[in-house]
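Worksheet: the structure to be examined is printed underneath.
The values are calculated or read from the model by the stated rules, or taken from the named source; none is laboratory data. The structure presented is a predicted model; accordingly, all values stated were derived computationally and were not measured. Cβ coordinates were reconstructed from backbone atoms using ideal geometry, including for glycine residues, and neighbour counts include every protein chain displayed.
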Amino acid sequence: MNLLEHASCEALARQNASAVPPSLFETALAHPVFAVNGPSLSRHARELAGHVLADPDRLGRTQCLFLSALAEAVKDSGLSRKKLATMRVGVAIGTTVGATFTDHEGYFSWKNRGVPNPGGVADFLGGNLARLAHAVLGTRGPASVVVNACSSGTDTLGLALNWLRQGVCDLCIAGGADALSIIPYHGFASLQLLDQKPCRPFDAERGGLTLGEGAACVVLEPAMRRDASDKHLTGRLLGYGAASDAWHPTAPHPRGRGLVAAVKNALDDAGLTPDDISLVNAHGTGTQANDKAECAAIREVFGNSPPPVVSTKGATGHTLGAAGAVEVILTLLALGSGEVHGTTGCGRQDPSLEAPVLTSSDRVALRGAVGISQSLAFGGGNSALVLEAVRGMEAARE
Amino acid sequence: MNNIALISAVTIDSGNIALPPGSARELRRADNLTRMAVAAVSRCLGQAGGAAGLAELDRLAICVGHGAGAIETNLAFVESFFAHKDMCGSPTLFSHSVHNTVAGYISRIYGIEGPSMTLTDFAWPFVSALEQAVCLIRAGMAPAALVVGCEGGSRFLQEIAVEMAGRQVVDMSRAMAAAWLVAAPGTLSVQSAGITAVNMTPLACRPEELLLRLSEKYPEIDGDTSVLPWGYALSLNRAANEALHLEKDIHWCASADFGCACVDFQG
C-alpha cells in the first residue's frame with residue numbers, strides 16, 4: 001500500500017477487504033483479506049533492483065512489497081545511493097512470511113515422488129530482506145531479520161534505535177514486510193481467530209482478525225544530523241520498550257502484563273510520562289483476547305482518562321511482521337495532521353473493555369505531537385515505541 | 001565500550017537432551033527445535049548455578065537465532081491442512097511453526113519477563129543472537145541475557161543440499177542448540193570472561209552457498225565439523241570456554257562468501 005495515498009484519500013475511514021484473490025492462493029475458506037491491488041513491485045523499486053538483480057520478477061511477493069517500501073523510503077529521505085554508499089548503514093527488517101519456506105509444490109514433489117527441486121529452497125535462502133536491502137542499495141553494515149511474529153515491525157525500530165545510540169552505524173533502515181500467504185491464513189483459521197467479516201477491532205460484535213499484506217520502511221538517523229527545518233524530517237523516535245508475558249503460547253496475558261511493562265519502559269526510555277502522550281495506536285487486532293488485554297493494559301498505564309486510542313487494522317488488516325512498521329507511519333501521519341480518525345470497523349465499543357477507544361464515526365483533534373504505537377505477539381512478546389511528529393508528512397513533501 | 005560478562009556457554013546435540021525438572025507438561029506439544037533449545041538453556045543455567053544474584057534477575061532478555069528454524073513443523077502444518085481437504089489444519093502445529101516459539105517457551109518455563117528478540121539468518125544465526133543480546137544489555141534494557149542458537153534438523157533440506165551439490169557436503173538432518181548466559185559487568189558475582197566486541201558483515205552471495213557453506217572457515221576444533229552447518233557454533237563455544245576457564249584473550253572469526261563474523265573475548 002502507499003501509505004501517503006492511503007491517508008490522503010482518507011482510506012482509514014473505509015474498509016476494502018474482499019475474498020482471497022485466486023491469483024494469490026486458492027482456498028475453500030471464506031474469511032476476507034486486505035490484498036494489495038496492482039503490482040507488488042513498484043516502478044521505483046524495479047529501477048532500484050534493476051541495477052543489481054538479473055530478474056526482479058523472480059522475487060517473492062514479500063520481497064517485492066519490501067523493495068517497493070524501501071525505494072519509497074530512500075527517495076523520501078533525500079539520500080542518494082552515492083551518499084548511502086559512504087555510510088555505515090544498518091538494516092533491520094521484520095517479517096514472518098518473508099522468512100518462511102513457501103514452495104509447497106516443490107515440497108510435495110519431494111515428499112510424494114522423491115524428486116527434490118532446489119529452486120524453492122534457493123528462493124527461501126535468498127529471501128533475507130535485510131541482505132536484499134544491502135544488495136540493491138550497495139550499502140555495507142549490520143543486517144538483521146527480526147522474526148518476533150506480530151511485533152517484528154515494531155522491534156526493528158527499537159533495534160535500530162539501539163544501534164544508532166551505540167554508534168554501531170551512521171544510519172538505519174528499519175521496517176517490515178509480509179505478503180498474504182496460505183500458511184498464516186490457514187493457521188489463524190485453525191486457531192479460530194479470523195473474522196468472517198472484515199475485522200472490527202474493539203467492537204461489541206468483533207469476531208477476530210483479518211489478514212492483510214504490506215510493507216513499510218523508515219530511514220533513521222541520529223537526531224543531531226537533521227534540524228527541524230529539514231524538509232525530509234518527518235518524525236522522531238523517542239523511546240522503545242519491550243517485555244514478555246511469560247504466560248501462553250498464543251494468547252496475551254489477560255491483564256496485558258507484558259504490554260504494561262513495555263509501554264512503561266518505552267516512556268522511561270523517552271524520558272516522558274503518560275500525560276505527555278496524545279495518541280495510542282493500539283495493536284487492536286479484533287480478537288477477543290487481544291482487545292481485552294490491551295484495554296486492560298491501557299487503563300493500567302493511563303488511568304481513567306487515557307489519550308485517544310485507535311486501531312488501524314480495520315483499514316489495513318493485520319499485516320503480521322509488517323504491522324508494527326506500518327502503524328508507526330500511520331501514527332506519525334495522524335500526529336502530524338493533528339487529528340485522528342476513529343477505529344474503522346468499530347461501530348459500537350464492547351462495553352466490557354476497560355479503556356475507551358475511538359469508534360469509526362469519531363474524528364478527534366490531538367492535543368500534542370507525541371504518541372505511542374504498540375504491538376503484541378504470539379509467544380508473549382510486547383513492544384512499544386514513543387514517536388513524535390515533526391510536522392505533517394504531506395506538508396513535508398511540498 | 002563496556003565489556004559484557006560471559007557467565008556460561010554450552011552446546012548440545014540430540015544425543016544429550018536433558019529437559020529441566022517440571023517442564024514435561026509445558027513441553028508436551030513442543031517440537032524437536034524447542035526441546036533442544038530448552039535443554040541447552042537448562043544446562044547453561046545449571047552451569048551458571050553458582051552465580052550470586054541470578055535468581056533475583058526478573059528481567060533477563062532472551063535472544064534466539066536460527067536459520068531453517070522450525071521448517072519441519074511448518075511443513076507438517078502445511079501437510080495437515082492439505083490433508084484435511086483445505087479446511088484448517090492443526091492449530092498446534094501452526095502455533096509451533098511461528099518463528100519465535102522457542103523464545104516463548106523459554107520465557108514461560110523460566111518466568112522470564114524481559115525483552116525477547118528472535119532473528120533468522122542462514123549465515124551465523126547464533127552470532128546474530130549474541131550481537132543483539134550485547135546490544136540490549138548495553139542499551140540498559142536488561143541486566144543479562146540468554147543467548148540461544150538452535151536448529152531442529154530437516155531431512156527435506158538435507159536431500160535438497162545433496163541435490164544442489166551433487167554430493168553430501170553438509171548434514172542438515174541433525175539438530176543442535178547452543179545457549180550462553182551473558183550479563184552487564186558486575187551484575188552477577190561469578191567467574192566470567194569479557195566479550196569486548198561482536199561484529200558481523202554480510203556479503204552478497206549465491207543463495208546455495210548459505211546452505212552448502214563450501215567457503216566457510218572458522219577456527220578448527222576436535223573432530224570433523226565440516227559437514228555440520230552449525231560447526232561454527234561449536235568452534236565459537238570452545239573459544240568462549242577457553243576465555244572463561246583458561247582466562248585467555250581470544251579473537252574468534254568466521255568467514256565465508258556470505259560475509260564474516262568476529263567475536264573478541266577477554267579472559
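Brief remarks follow.
- One residue from A:Arg140, A:Arg131 being buried (at least 22 other Cβ atoms within 10 Å of the Cβ), among the charged types (D, E, K, R) and facing chain B (nearest Cβ under 9 Å): A:Arg131
- Apart from one condition, B:Leu211 fits all of (1) surrounded by fewer than 19 Cβ atoms within 10 Å (Cβ to Cβ); (2) within 14 Å of chain A (Cβ to nearest Cβ); (3) not β-branched (Val, Ile, Thr); the exception is (1).
- Condition broken by B:Gly46, with the remaining ones in (1) farther than 20 Å from B:Leu130 by Cα; (2) of a type outside the set (Val, Ile, Thr); (3) surrounded by fewer than 17 Cβ atoms within 10 Å (Cβ to Cβ) satisfied: (1)
- Candidates A:Ser68, A:Ser109, filtered to the one that is in a helix (DSSP H, G or I) and in contact with a His (Cβ under 8 Å, 6 or more places away or on another chain): A:Ser68
- Matching residues in segment A:241-264 - criterion: being assigned to a helix (DSSP H, G or I) and either basic (Lys, Arg) or within 10 Å of chain B (Cβ to nearest Cβ) (or both): A:Arg257, A:Gly258, A:Ala261, A:Ala262, A:Lys264
- If the condition is being part of a helix (DSSP H, G or I), closer than 27 Å to A:Pro351 by Cα and in contact (Cβ under 8 Å) with a residue 40 or more places away in the chain, then segment A:265-292 contributes A:Asp276, A:Gln288, A:Asn290, A:Asp291, A:Lys292.
- Qualifying strands (runs of 3 or more DSSP E) (wholly inside segment A:293-398; at least 3 residues being under 29 Å from B:Val98 (Cβ atoms) and hydrophobic (A, V, I, L, M, F, W, C)): A:381-389
- Here B:Ile71 does not qualify as under 20 Å from B:Ile4 (Cβ atoms), buried (at least 24 other Cβ atoms within 10 Å of the Cβ) and out of contact with any Lys or Arg (no Cβ under 6 Å at 6 or more places or on another chain).
- Out of A:Thr312, A:Thr285, one residue alone is within 17 Å of A:Arg200 (Cα to Cα), hydroxyl-bearing (Ser, Thr, Tyr) and either surrounded by fewer than 24 Cβ atoms within 10 Å (Cβ to Cβ) or touching a His at 6+ places or on another chain (Cβ under 8 Å) (or both). It is A:Thr285.
- Restricting segment A:29-57 to residues that are modelled with pLDDT of 90 or more and part of a loop (DSSP other than H, G, I, E, B) leaves a set whose member that is surrounded by the fewest Cβ atoms within 10 Å (Cβ to Cβ) is A:Ala30.
- Filtering A:Ala73, A:Ala130 for residues that are touching a Pro at 6+ places or on another chain (Cβ under 9 Å) and under 30 Å from B:Met117 (Cα atoms) leaves a single hit, A:Ala130.
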